[in-house]
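Q: Got a structure for you, questions after.
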Amino acid sequence: MDTIFALATAQGKAGVAVIRLSGPRAYQTACLLAGPDLPSRGLSVRQLKDAQGARLDDGVVLTFAAPASFTGEDVAEFQIHGSLATTEAVLRCLGDLNGLRLAEPGEFTRRALENGKMSLPQVEGLADLIDAETEAQRKQAQAVLNGALGRLAEGWRAKLIRAAALLEAVIDFADEEVPTDVSPEVRALLADVRADLEREIAGVRIAERIRTGFEVAIIGPPNAGKSTLLNMLAGREAALTSEVAGTTRDVIEVRMDLRGLPVTLLDTAGLRETGDLVEGMGIALARRRADQADLRVFLTEDVIATGVVLQPGDLHVLPKADQRTDTANAISGVTGQGVDQLVQRISGVLTTRSASAGIATRERHRVAMRTALDALDRTGTVLESGPDLYDIAAEELRTAIRALESLVGRIGVETLLDEIFASFCLGK
């Protein structure tokens, strides 16, 4: 296997840059640049030199002997001064050495997966942690990275293996003194796993929203102040505003951190009857996006007049509080009146919904668990027919077990790996 190297920190000038190596020549290469007396595992402060003995930089060298490393291979890291020239000089020196090549995106993590240092859900959790922008995303990614989903799947798998073993014992030893009525214990095991799967499947949608972001649509008639409110919430002029009704034709999206939750605010076209073809297209798009949004903020005097159905959790506020004498439940994007209260209400609704999030965070997870659950349902149906069909029930259990194994990356996920690791940066 090749020894790979890459810059593990972000491109550009910085106080410190980290260059990582992994593979059979990692330690040998570290010794070549930093001196032959490096410990096989540990930290050293060294002067780095190229193959001709020219000084590259002073830095910290970390060495990790296999298998006690991130990738499970010999690993070395150079922590050097983060100037563009210094980083480029060290990378160029490594690239000139035989047996070394620049790592592909995510290749360090892929080797950790292939060497059994991480499960596939942990890899996905690591990708999510790198991309995390809010506190809720960080906590969710940490839970997956720490192996919570893998532990759940292993627990389910162990129970299903026990259930399959009970059924197969009856099949294999039908003519001997073996208790034949194993169905009560099998049903109990299936019920436990089934309840857990149903709960996790129900929580995938919210968990995925925490990972990708909730959508909150601001809807109402023209000139209600939707774009002004969006600009106030975003803290910048994200949308054009004017006194002309129908200024907003498209959906304006602004992503923000709302009390620790990832939220994409949608400013939509004013809802009204119009003969303008382009405005009509914008209104149709606004209605579609409003129907798809996780939460709608109705900025209008009359919700019914918008033609959009108020869903549980949706919010209704009155527009232009700065022009009213009675400001109860009113808001103004011009003065900011009522904006803090609206943010609190939105975050309250989304926080309540987030409480039902499961550990599984992706559609791939949901599909694997759904496949396992369907197999358990078929198992239960076959069990009703008695011991004569236990062989069929055992096969359905094996289908469920294989689905859970695909969840943690043991089988059937090879086609997904290139797509997953393509999202990683170099050096990770």
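The values are calculated or read from the model by the stated rules, or taken from the named source; none is laboratory data. Just so it is clear, the structure is predicted and the values come from calculations on it, not from any experiment. Cβ placement follows ideal geometry from the backbone for every residue including glycine, while neighbour counts extend to all protein chains displayed.
Q: Being modelled with pLDDT of 90 or more, basic (Lys, Arg) and buried (at least 22 other Cβ atoms within 10 Å of the Cβ) is the requirement here; does Arg111 meet it?
A: On the way: modelled with pLDDT of 90 or more: yes; basic (Lys, Arg): yes; buried (at least 22 other Cβ atoms within 10 Å of the Cβ): yes.
Spelling it out, Arg111 is indeed modelled with pLDDT of 90 or more, basic (Lys, Arg) and buried (at least 22 other Cβ atoms within 10 Å of the Cβ).
Q: Considering each of Glu73, Glu104 in turn, give the residue that is part of a loop (DSSP other than H, G, I, E, B), surrounded by fewer than 17 Cβ atoms within 10 Å (Cβ to Cβ) and acidic (Asp, Glu). Show your work before the answer.
A: Values: Glu73 fails: surrounded by fewer than 17 Cβ atoms within 10 Å (Cβ to Cβ).
Matching residue, one of Glu73, Glu104: Glu104.
Q: Kindly list the number of the only condition in (1) touching a strand residue (DSSP E or B) at 6+ places or on another chain (Cβ under 8 Å); (2) touching a residue at least 60 places away in the same chain (Cβ under 8 Å); (3) buried (at least 18 other Cβ atoms within 10 Å of the Cβ) that fails for Leu91.
A: Checking Leu91 against (1) touching a strand residue (DSSP E or B) at 6+ places or on another chain (Cβ under 8 Å); (2) touching a residue at least 60 places away in the same chain (Cβ under 8 Å); (3) buried (at least 18 other Cβ atoms within 10 Å of the Cβ), the one that fails is (3).
Q: Could you check region 182-208 and list, in sequence order, the residues that are of a type in the set (Asp, Glu) and in contact with an Asp or Glu (Cβ under 8 Å, 6 or more places away or on another chain)?
A: Glu208
Q: When region 125-138 is examined, which residues are found to be exposed (fewer than 14 other Cβ atoms within 10 Å of the Cβ) and farther than 20 Å from Ala10 by Cα?
A: Listed by number, the list holds a single entry, Glu135.
Q: So, one more: Based on this model, can you work out whether Gly99 counts as of a type outside the set (Val, Ile, Thr) and surrounded by fewer than 18 Cβ atoms within 10 Å (Cβ to Cβ)?
A: Answer is yes for this residue.
Q: Another question about this same structure. For region 1-39, which positions are assigned to a loop (DSSP other than H, G, I, E, B) and over 27 Å from the mean Cα position of the chain (by Cα)?
A: Selection gives Met1, Asp2, Lys13, Gly23, Pro24, Arg25, Gly35, Pro36, Asp37, Leu38, Pro39.
Q: With the structure loaded, tell me whether Gly53 is touching a Leu at 6+ places or on another chain (Cβ under 8 Å) and part of a loop (DSSP other than H, G, I, E, B) or whether it fails that test.
A: Criteria not met by Gly53.
Q: Return the residues of region 98-123 that are more than 18 Å from Glu405 (Cβ to Cβ) and hydroxyl-bearing (Ser, Thr, Tyr); say none if nothing qualifies.
A: Answer for region 98-123, where residues must be more than 18 Å from Glu405 (Cβ to Cβ) and hydroxyl-bearing (Ser, Thr, Tyr): just Thr109.
Q: Name the residues in region 329-357 that are out of contact with any strand residue (DSSP E or B) (no Cβ under 8 Å at 6 or more places or on another chain) and not in a helix (DSSP H, G or I), would you?
A: Of everything in region 329-357, those that are out of contact with any strand residue (DSSP E or B) (no Cβ under 8 Å at 6 or more places or on another chain) and not in a helix (DSSP H, G or I) turn out to be Ser332, Gly333, Val334, Thr335, Gly336, Ala355, Ser356, Ala357.
Q: Taking the stated definitions as given, is Gln122 without any contact (Cβ under 8 Å) to a residue 40 or more places away in the chain and crowded, with 18+ Cβ neighbours inside 10 Å?
A: When the stated conditions are applied, Gln122 passes them.
Q: Filter region 177-186 down to residues that are in a helix (DSSP H, G or I) and in contact with a helix residue (DSSP H, G or I) (Cβ under 7 Å, 6 or more places away or on another chain), then give me how many there are.
A: 3
Q: Picking from Val367, Val303, which residue would you name as being surrounded by fewer than 18 Cβ atoms within 10 Å (Cβ to Cβ), without any contact (Cβ under 8 Å) to a residue 40 or more places away in the chain and outside the structural domain of Leu285 (by TED's automatic domain parsing)?
A: Sole residue among the options that is surrounded by fewer than 18 Cβ atoms within 10 Å (Cβ to Cβ), without any contact (Cβ under 8 Å) to a residue 40 or more places away in the chain and outside the structural domain of Leu285 (by TED's automatic domain parsing): Val367.
Q: Out of the residues in region 378-390 that are assigned to a helix (DSSP H, G or I) and either free of Cβ contacts under 8 Å to residues at least 40 places away in the same chain or touching a Cys at 6+ places or on another chain (Cβ under 8 Å) (or both), which is nearest to Glu198 (Cα to Cα)? First the steps, then the outcome.
A: Going through region 378-390, the residues assigned to a helix (DSSP H, G or I) turn out to be 378-383, 387-390.
With either free of Cβ contacts under 8 Å to residues at least 40 places away in the same chain or touching a Cys at 6+ places or on another chain (Cβ under 8 Å) (or both) added as a condition, the list becomes 378, 381-382, 388-389.
Working: Arg378: 15, Thr381: 18, Val382: 20, Asp388: 29, Leu389: 26 Å.
Among those residues, the one meeting the criterion is Arg378.
Q: Say whether the condition of being over 24 Å from Ala85 (Cα atoms), out of contact with any Asp or Glu (no Cβ under 7 Å at 6 or more places or on another chain) and at pLDDT 95 or above is met by at least one residue in region 29-36.
A: Narrowing region 29-36 to residues over 24 Å from Ala85 (Cα atoms): 36.
So of that shortlist, the ones also out of contact with any Asp or Glu (no Cβ under 7 Å at 6 or more places or on another chain) come out as 36.
Still in the list and also at pLDDT 95 or above: none.
Within region 29-36, not a single residue is over 24 Å from Ala85 (Cα atoms), out of contact with any Asp or Glu (no Cβ under 7 Å at 6 or more places or on another chain) and at pLDDT 95 or above.
Q: Also: When you go through (1) modelled with pLDDT of 65 or more; (2) hydroxyl-bearing (Ser, Thr, Tyr); (3) over 15 Å from Ser119 (Cα atoms) one by one for Ser406, which number turns out not to apply?
A: (3)
Q: Looking at Ala112, Ala132, Ala153, which is the one that is in contact with a helix residue (DSSP H, G or I) (Cβ under 9 Å, 6 or more places away or on another chain) and closer than 30 Å to Val382 by Cβ?
A: The conditions single out Ala153.
Q: Among the residues that make up region 178-194, is at least one of them under 30 Å from Ala284 (Cβ atoms), under 29 Å from the mean Cα position of the chain (by Cα) and surrounded by fewer than 17 Cβ atoms within 10 Å (Cβ to Cβ)?
A: Scanning region 178-194, I find no residue that is under 30 Å from Ala284 (Cβ atoms), under 29 Å from the mean Cα position of the chain (by Cα) and surrounded by fewer than 17 Cβ atoms within 10 Å (Cβ to Cβ), so the answer is no.
Q: Go through (1) in the same structural domain as Ser183 (by TED's automatic domain parsing); (2) at pLDDT 90 or above; (3) not basic (Lys, Arg) for Glu384 and report which single condition fails.
A: It is condition (2) that Glu384 fails.
Q: Could you tell me whether any residue of region 202-222 is modelled with pLDDT of 90 or more, surrounded by fewer than 19 Cβ atoms within 10 Å (Cβ to Cβ), in a helix (DSSP H, G or I) and of a type in the set (Gly, Ala, Ser)?
A: Checked against the condition, which is being modelled with pLDDT of 90 or more, surrounded by fewer than 19 Cβ atoms within 10 Å (Cβ to Cβ), in a helix (DSSP H, G or I) and of a type in the set (Gly, Ala, Ser), region 202-222 yields at least one hit.
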